[in-house]
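The values are calculated or read from the model by the stated rules, or taken from the named source; none is laboratory data. Since we're looking at a predicted model, the values are computed, not measured. Reconstructed Cβ throughout: ideal geometry from the backbone, glycine too, with neighbour counts over all protein chains shown.
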Amino acid sequence: MTTKKENRCFTIMIVPHSEEATFSIRLPFYFVQVVVVLLMIGVAGLSVLGYAYLMAAAEAREARALRQLNRNQQEEIDSLAIETERMIEHIQEVDELIEVIVEELEMAPGAERFFDNQPVRNPSNSESNNVNNFNPQNPAYFIPFIEDQTYNSRSSSGDVLDRTTGNIEFLKTVIPEHSDTLDALGEYTNLIRATPSLWPARGRISSGYGMRAVPYGEGYQFHRGVDIVGSHGSPIRVTANGKVVFSGYRGDYGNLLIVDHFNGYETYYAHLSGFAVNAGDIVEKGQIIGYMGRTGRTTGTHLHYEVRYEGATVNPRNYLHR
């Protein structure tokens, strides 16, 4: 005997618009329940699939963005690698230039006063790389950083990022060293530029440095400079960088200019017909400072030129270079 619950059912009646007979469909209750459950499962499955699709699409977009970011970063790394290698090549060029400059400075007039036979200082010693330890008496100080330095070139093995990191570390070390070297080299160059080395006037030497017969009397005297004969009013040029400390008339010297070069040197320019600078002026090597004349005690138009070091006269011929 069936129960009342088991006899429960749904009836679907179909009534056509025509005069045809109606008909109905009876569905058991449990069948409807099964259909509803299946529909719910289907909806849930579609929801899960939709969510999974949305997540996958989001991950795909994120992956594309990450790939693009990686490409951009790789391009930046490659660019940085090339730039660091160019900087290192530039530093090598600077090293070569420093060597050339040092060689030229070693040949510069008057440079021997700053040179000695001290050995080359070890570039790996941080003390030797300090500009505060600048030693103008050792030009080898400026041949510093080439031999013992290495860097990762493009041809070296390893990842680009590793090579770039190594190059950056190298640059962090070498750039301050080169900066100190160039600063010291500039200071040394200034010392050389402040050392007399030019002919102060066009002409010939009529009287040299040392003992000579008195030109306007009898006997002998010590001549403290050289006399350069030239035309009246021809330009007189300062032979090194410095400062004019005297400009005026002084006894036998006549019109006299004295230039202090701040490194122990002074130069005297006597018998001038006129001045182009005044006391207190800063002058640069080769600058016109006066004009040849015959003022003071002299036998004719010429320039009396003296070089003094630490207050004592020295032979100007050692400092005359065309």
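Residue by residue through the range 277-298, note down the ones that are over 18 Å from ALA201 (Cα atoms), of a type outside the set (Gly, Ala, Ser) and either at pLDDT below 95 or not assigned by TED's automatic domain parsing to the domain that holds TYR253 (or both).
If the condition is that a residue be over 18 Å from ALA201 (Cα atoms), of a type outside the set (Gly, Ala, Ser) and either at pLDDT below 95 or not assigned by TED's automatic domain parsing to the domain that holds TYR253 (or both), then ARG297 is the only one that fits.
State all residues of the range 287-322 that are farther than 18 Å from TYR209 by Cα and assigned to a strand (DSSP E or B); if no residue qualifies, say none.
Within the range 287-322, ILE288, ILE289, GLY290, TYR291, MET292, GLY293 meet the criteria.
What number goes with the only condition from (1) of a type in the set (Asp, Glu); (2) at pLDDT below 95; (3) more than 39 Å from the chain's Cα centre (by Cα) that GLU306 does not pass?
Evaluating GLU306 over (1) of a type in the set (Asp, Glu); (2) at pLDDT below 95; (3) more than 39 Å from the chain's Cα centre (by Cα) leaves (2) as the failure.
So which pairs qualify, if the first residue must be in the range 79-91 and charged (D, E, K, R), the second must be crowded, with 18+ Cβ neighbours inside 10 Å and in a helix (DSSP H, G or I), the Cβ gap must be under 7 Å, and the two must be at least 6 apart or on different chains?
That search, which allows pairs on different chains as well, returns GLU85/ASN167.
Considering each of GLY233, GLY274, GLY280, GLY248 in turn, give the residue that is small (Gly, Ala, Ser), over 37 Å from the mean Cα position of the chain (by Cα) and either in a loop (DSSP other than H, G, I, E, B) or closer than 18 Å to LEU320 by Cα (or both).
Among GLY233, GLY274, GLY280, GLY248, only GLY233 is small (Gly, Ala, Ser), over 37 Å from the mean Cα position of the chain (by Cα) and either in a loop (DSSP other than H, G, I, E, B) or closer than 18 Å to LEU320 by Cα (or both).
If we scan the range 201-222, do we find a residue that is at pLDDT 70 or above, among the polar types (S, T, N, Q) and under 24 Å from ILE98 (Cβ atoms)?
Scanning the range 201-222 turns up no residue that is at pLDDT 70 or above, among the polar types (S, T, N, Q) and under 24 Å from ILE98 (Cβ atoms).
Looking at (1) closer than 16 Å to HIS302 by Cα; (2) outside any strand (DSSP E or B), which is the only condition THR239 fails?
(1)
Among the residues of the range 242-258 satisfying the criterion of being over 22 Å from ARG297 (Cβ atoms) and touching a Phe, Trp or Tyr at 6+ places or on another chain (Cβ under 8 Å), which is surrounded by the fewest Cβ atoms within 10 Å (Cβ to Cβ)?
By that ranking, first place goes to LYS243.
For the range 265-318, which residues satisfy the criterion of being in contact with a helix residue (DSSP H, G or I) (Cβ under 6 Å, 6 or more places away or on another chain) and not basic (Lys, Arg)?
Across the range 265-318, the qualifying residues are ALA270, GLY296, TYR305, VAL307.
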